[in-house]
Amino acid sequence: MNCSISGELPEDPVVSKKSGLLYEKRLIERHIADYGKCPVTGEALTMEDIVPIKTGKNVKPRSLTAASIPGMLGMFQNEWDALMLSNFALEQQLHTARQELSHALYQHDAACRVIARLKKERDEARSLLAQAERQAPLPASAITAVSNGKRASEEEDMGPGAKRMRHGVSDSIIAELTECNAALSQQRKKRQIPPTLAPIDALERYTQLSSHPLHKTNKPGITSIDINPSKDIVATGGIDSNAVLFGRTSGEILSTLSGHSKKVTSVKFVAHNDVFLSGSADKTVRIWQGSEDGNYNCRHILKDHTAEVQAVTVHATNNYFVTASLDATWCFYDLSSGLCLTQVEDPTNSMGYTSAAFHPDGLILGTGTIGSTVRIWDVKSRGNVANFDGHTGAVTAISFSENGYFLATAAHDGVKLWDLRKLKNFRSFELYDQDTPTNSVDFDHSGSYLAMAGSDIRVYQVGSVKAEWNCIKTLPDLSGTGRATCVKFGPDARYLAVGSMDRNLRVFGLPEEDASTES
């Protein structure tokens, strides 16, 4: 039987009536005098609750002075007893402190979760408020309200059904478009394939040269790509609602354009004046103006569509551009003023537009619909002059060949080639299985190559209506997502810029040593 405090055989044992524990009498007396409770159970304890136990005792020597060895042993015994009591109290306090710390950590973790939930609810409320403000009608007194990125004039007329009256495409603009068409058509007859164009054997050796993380990790995905060939700048639009301008030569991000509230669906460079266009799922189009320091400032915000803007395409004059939307309309804009000159709506068609592109000569506009139809428009009359049927699913991309004769369209079922002279489909490419759509298609500037993107990237040599279109190179989608969303040829087809559902821009081309030899 050992003491519950010291763990040794007691000389004067006592037992507690309440707990039944055995103690050394002098130790329990001191503990009760200091704390008034049981050292083990923590219950209130007095000396009346202590019962002595009679045992046979050894005869102790008589008390001696401290100078004697027995006296020193007694002092050591007392000190040892005090040490045991102190150590026991410290162990009890340590146990209590651990319990309190565990409880505090649990409360901190719960508080962090509550704060995170409140922040999420706050951000959602802000987003809903911003959306409501964009959709709310302006009061009649707000004559200085912003329209198309600038202050609306008091004399702006409203048509039937409260629709804004457009200025229309004037005769001078039509004359400008016709003159541009004539000049480009004449040049095309004399145009030859440039000697600097990458040869077929070079494309066969293309491999990934670099990968650049341009967009946010929490919202990965690149939806559109465009290239400024004169400055070798690649622009990407992302699901993170940003457009990024990337210098391919320097390998650095030149500018990140923020302002859209939803994903950027289309990006386009304007060949002169350092202007850049971006369309978004937030129903707006932004016109960005470059400055001398390399930054871009938003010059106009265009809010003429009532649904997601899916495509932006620039006219060959570089003075006008067109936007296509899921609201089943396309708008023709003056670039310098940011004014919508006309908004075309076909009453016979209620299918929204998912893609759009100008013919190289500028008098024909091609649009792809969510209902798998390709619609061809006369820009001067804004009339629908032809429809191409045969696809399955939404038409995701449209690209006109520089020769002016061929049109390539991509949809869920693959890529189809159309002869614009006879208005018929002359070749189809079923690239992937029925669950994998083709997301992008692009002719190079010379019209010699055609690139397609889906679960991989494929490059074809352009043939003719009767001649075969041979696959030169198949490049894997290295993003790991199995979905390449957009592809664009660089100048002279010297490289391919590819965007996927991760946040990286990938550049495919010849390795430096092979490229220098090729040059």
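A few notes on this one:
- Evaluated on the stretch 175-271, the Kirkwood hydrodynamic radius is 16.3 Å, with distances taken between all distinct Cα atoms.
- Solvent-accessible heavy-atom area per residue, rounded to whole Å², over the chain at 1.4 Å: 52 Å²
- Sorting 371-383, 270-282 by average packing, meaning the other beta carbons within 10 Å per residue, from highest down gives 270-282, 371-383.
- Computed extension length for residue 387-residue 129: 88.8 nm, one decimal, from 0.36 nm per residue of separation with the Cα-Cα distance subtracted.
- For residue 214, solvent-accessible area (1.4 Å; no DNA, RNA or ligand), Å²: 20 Å²
- Shape category assigned to the stretch 216-310 from the gyration tensor of Cα positions, a/c cut at 1.5: oblate
- Extended-chain gain in nm, criterion 0.36 nm per residue less alpha-carbon gap, residue 171 and residue 403: 80.7 nm
- Of the two radii for the chain, the radius of gyration is 1.40 times the Kirkwood radius, both from the alpha carbons; that is the Rg over Rh value.
- Stretching the chain fully between residue 208 and residue 8 yields a gain of 64.2 nm (0.36 nm per residue, less the alpha carbon separation).
- Cα gyration tensor category, rounded, prolate or oblate, for the stretch 410-456 with a/c compared to 1.5: oblate
- Cα gyration tensor category, rounded, prolate or oblate, for the stretch 265-361 with a/c compared to 1.5: prolate
- For the chain, relative contact order (Cα pairs under 8 Å, six or more residues apart, normalised by length) works out to 10 percent.
- Once the Cα atoms are used to define both axes, helix 25-35 deviates from the longest principal axis of the chain by about 50 degrees.
- For the listed peptides 220-233, 316-329, a ranking on the average number of other beta carbons within 10 Å per residue, highest first, reads 316-329, 220-233.
- Estimated at the nearest 10 Å², the accessible area of residue 256 is 70 Å² with a 1.4 Å probe.
- Here the calculated FRET efficiency for residue 114 and residue 295, from their Cβ-Cβ distance with R0 = 45 Å, stands at 0.70, rounded to the nearest 0.05.
- The chain, accessible surface, carbon-and-sulfur percent (1.4 angstrom probe): 52 percent
- In the stretch 1-60, lysine pairs with alpha-carbon atoms under 25 angstrom apart (chain gap of 8 or more, or interchain): 11
- For the chain, the 222 nm mean residue ellipticity estimated from helices alone, with every DSSP H stretch of n ≥ 4 adding -39500 (n - 2.57) and the total spread over all residues, rounds to -7500 deg cm²/dmol.
- Accessible area of residue 249 in the full protein assembly, 1.4 Å probe (Å², nearest 10): 120 Å²
The values are calculated or read from the model by the stated rules, or taken from the named source; none is laboratory data. Fair warning: this is a prediction, and the values are worked out from it, not measured in the lab. Positions of Cβ are generated from backbone atoms using ideal geometry, with glycine treated the same way; all protein chains shown enter the neighbour counts. Please note that ligands, DNA and RNA were not included when accessible areas were found on the heavy atoms of the full protein model with its side chains. Shrake-Rupley method; radii C 1.70, N 1.55, O 1.52, S 1.80 Å.
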